[in-house]
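Asker: One structure coming up, written as structure tokens, with questions to follow.
The values are calculated or read from the model by the stated rules, or taken from the named source; none is laboratory data. Keep in mind that this is a model prediction, so the values were computed, not measured. Reconstructed Cβ throughout: ideal geometry from the backbone, glycine too, with neighbour counts over all protein chains shown. These area figures cover heavy atoms from the full protein model, side chains too; ligands, DNA and RNA do not enter into them. Shrake-Rupley method; radii C 1.70, N 1.55, O 1.52, S 1.80 Å.
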Amino acid sequence: SSAKFSLAAAALVVAAPALADDAALREQARELFETIPLAAPTLENNVISRDRVDLGAMLFFDPRMSRSGLFSCQSCHNIGLGGVDGLETSIGHGWQKGPRNAPTMLNAVFNIAQFWDGRAPDLAAQAKGPVQAGVEMNNTPDRVVATLESMPGYVEAFDAAFPGEENPITFDNFALAVEAFEATLITPNAKFDQFLMGNDGAMSDQEKRGLALFIDTGCVACHAGINVGGQGYYPFGVVEKPGADILPEGDKGRFAVTETADDDYVFRAAPLRNIALTAPYFHSGKVWDLKQAVAIMANSQLGAELSEEQIDDIVAFLGALTGEQPQVVHPTLPPRTMTTPLPEE
Ligand code: HEM
Ligand code: HEM
């Protein structure tokens, strides 16, 4: 029985410091990050009513919002694929290749602004972009409105989503409905969130080592807050500019938004929630391996040379940022009528 006793004592000795470390790590992490809430946040200029969210889901999935009748938001932001298309850069109208990789819209409601360069202030402003972009859906606001007005199912859905409005089918209301739906596309309960909330066992030792490294190496200078990024703008290449194979020279990021030389090659620090699901990486989509993306970041942003093992640990931590994916039922879309504009090439 004395052997049993000393075994138990030994186990206590091993376990005690680990618990203290967990508490310290959690305390540090809580200063830097926030958990994803279980329900959609409230929005300043929008109402997330059930009817508006349902309408937004219809619009998100409806390829008739594009001129060709081929592309919906879902084409490039696949809800079953972490909200991305898995392509280097997106393919849109007429099989055109766009200039940038499609970022996920999951949790995008928490970003400071939308797009790699932050040029849209919120999701409603953002939603008007792809519909009109020549390389994406190549449509016009008037043609979208005509398409929606042609189908009684949409007339009813807009009436319900914008009660009391005399003329509810507008391009602005299209954007508000899409925004309301997107605000519900959040991914709570990642292992990391569970750890933040107090569950020591939610993350493995390797994931915890990765979290500690993510903090100590300095990644958190740019990737912090609720989305582990998405809150500020930084040059891609603070210490050393990656080669043109990763950072193509033609895309100067925020420079195109602000037209100040300081913003040459400045991009929004990418949000890292669900990052394990959203390869390929960077606005160029040139990097398929998350390990390589982490190594590039360490070199280009921090001038740090991480060991293979440290990179593995950070990648393990990033995997713990994968949350519960939204379970969305594909809506039934209103049938066309003889006044619905025909698909065009
Ligand atoms: C960016 C939503 C259609 C490709 C975004 C973002 C959102 C979004 C929220 C910004 C995410 C962020 O910055 O973190 C939508 C909605 C659509 C739609 C609601 C339908 C109305 C499409 C389509 C394509 C596409 C059809 C592909 C043909 C992209 C690309 C970006 C982007 C490439 C990044 C562009 C840049 O940063 O300049 N989208 N999207 N999107 N989306 Fe879409
Ligand atoms: C993008 C991780 C440090 C700013 C990314 C991406 C990853 C990542 C995985 C790609 C995201 C995606 O494609 O969706 C890390 C790690 C870091 C680190 C592990 C520490 C070793 C930093 C620092 C800064 C920064 C210190 C700011 C000085 C950015 C920016 C992007 C980005 C601006 C977007 C780049 C682009 O235009 O494609 N980071 N990061 N990162 N990170 Fe970091």
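Asker: List pairs: first in region 85-113 and within 16 Å of ligand 2 (Cβ to nearest atom), second basic (Lys, Arg), Cβ under 6 Å, 6+ apart or cross-chain?
Answerer: Thr89/Lys97; Thr89/Arg100; Asn107/Arg273
Asker: Would you mind stating whether Val220 is in a loop (DSSP other than H, G, I, E, B) and assigned by TED's automatic domain parsing to the domain that holds Phe282? Working first, answer last.
Answerer: On the way: in a loop (DSSP other than H, G, I, E, B): no; assigned by TED's automatic domain parsing to the domain that holds Phe282: yes.
No, not satisfied.
Asker: Here's something else I'd like to know. Just need a number here: residues in region 58-86 that are assigned to a helix (DSSP H, G or I), under 17 Å from the mean Cα position of the chain (by Cα) and farther than 15 Å from Val109 by Cβ. Walk me through it before giving the result.
Answerer: The initial filter retains those residues of region 58-86 that are assigned to a helix (DSSP H, G or I), namely 58-61, 63-65, 73-76, 79-81.
Add one more test, that the residue is under 17 Å from the mean Cα position of the chain (by Cα), and what stays is 60, 73-76, 79-81.
Of the ones still in play, those that are also farther than 15 Å from Val109 by Cβ are 74-76, 80-81.
So the answer is 5.
Asker: Right, something else. Which count do you get for residues in region 62-73 that are on the phi < 0 side of the Ramachandran plot, open to solvent by 20 Å² or more (accessible area, probe 1.4 Å) and more than 8 Å from ligand 1 (Cβ to nearest atom)? Can you show your working first?
Answerer: Filtering region 62-73 down to residues on the phi < 0 side of the Ramachandran plot leaves 62-68, 70-73.
The next check asks that each one be open to solvent by 20 Å² or more (accessible area, probe 1.4 Å); those that pass are 63-64, 67-68, 70-71, 73.
Add one more test, that the residue is more than 8 Å from ligand 1 (Cβ to nearest atom), and what stays is 63-64, 67-68, 70.
Residues in region 62-73 being on the phi < 0 side of the Ramachandran plot, open to solvent by 20 Å² or more (accessible area, probe 1.4 Å) and more than 8 Å from ligand 1 (Cβ to nearest atom): 5 in total.
Asker: Take the conditions more than 8 Å from ligand 1 (Cβ to nearest atom) and open to solvent by less than 30 Å² (accessible area, probe 1.4 Å) and apply them to Leu106. Does it pass? First the steps, then the outcome.
Answerer: On the way: more than 8 Å from ligand 1 (Cβ to nearest atom): yes; open to solvent by less than 30 Å² (accessible area, probe 1.4 Å): yes.
Judged against the criteria, Leu106 is a match.
Asker: Please verify whether region 278-289 includes one or more residues that are out of contact with any strand residue (DSSP E or B) (no Cβ under 9 Å at 6 or more places or on another chain), closer than 22 Å to Val220 by Cα and either modelled with pLDDT of 95 or more or open to solvent by 10 Å² or more (accessible area, probe 1.4 Å) (or both).
Answerer: So the first thing to find is which residues in region 278-289 are out of contact with any strand residue (DSSP E or B) (no Cβ under 9 Å at 6 or more places or on another chain), and the list is 284-286.
Filter again for closer than 22 Å to Val220 by Cα, leaving none.
No, region 278-289 contains no residue that is out of contact with any strand residue (DSSP E or B) (no Cβ under 9 Å at 6 or more places or on another chain), closer than 22 Å to Val220 by Cα and either modelled with pLDDT of 95 or more or open to solvent by 10 Å² or more (accessible area, probe 1.4 Å) (or both).
Asker: Looking at region 294-331, which of the residues that are of a type outside the set (Val, Ile, Thr), without any contact (Cβ under 8 Å) to a residue 60 or more places away in the chain and over 18 Å from Ala270 (Cα atoms) is least open to solvent (accessible area, probe 1.4 Å)? Lay out the reasoning, then the answer.
Answerer: Pass one, region 294-331, residues of a type outside the set (Val, Ile, Thr): 295, 297-310, 312-313, 316-321, 323-327, 330-331.
Imposing the further condition that a residue be without any contact (Cβ under 8 Å) to a residue 60 or more places away in the chain reduces the set to 295, 305, 307-309, 327.
Narrowing the set further to residues that are over 18 Å from Ala270 (Cα atoms) leaves 305, 307-309, 327.
Working: Glu305: 153, Ser307: 50, Glu308: 121, Glu309: 126, Gln327: 167 Å².
Top of the filtered list is Ser307.
Asker: Additional query: For the structure I just gave you, tell me whether Val257 is outside the structural domain of Gly82 (by TED's automatic domain parsing), touching a Gly at 6+ places or on another chain (Cβ under 9 Å), surrounded by fewer than 18 Cβ atoms within 10 Å (Cβ to Cβ) and under 20 Å from Gln114 (Cβ atoms).
Answerer: Numbers: outside the structural domain of Gly82 (by TED's automatic domain parsing): yes; touching a Gly at 6+ places or on another chain (Cβ under 9 Å): yes; surrounded by fewer than 18 Cβ atoms within 10 Å (Cβ to Cβ): yes; under 20 Å from Gln114 (Cβ atoms): yes.
Yes: the conditions hold for Val257.
Asker: State the number of residues belonging to region 177-205 that are more than 30 Å from Gln28 (Cα to Cα) and either open to solvent by 40 Å² or more (accessible area, probe 1.4 Å) or at pLDDT below 95 (or both).
Answerer: The qualifying residues number 0.
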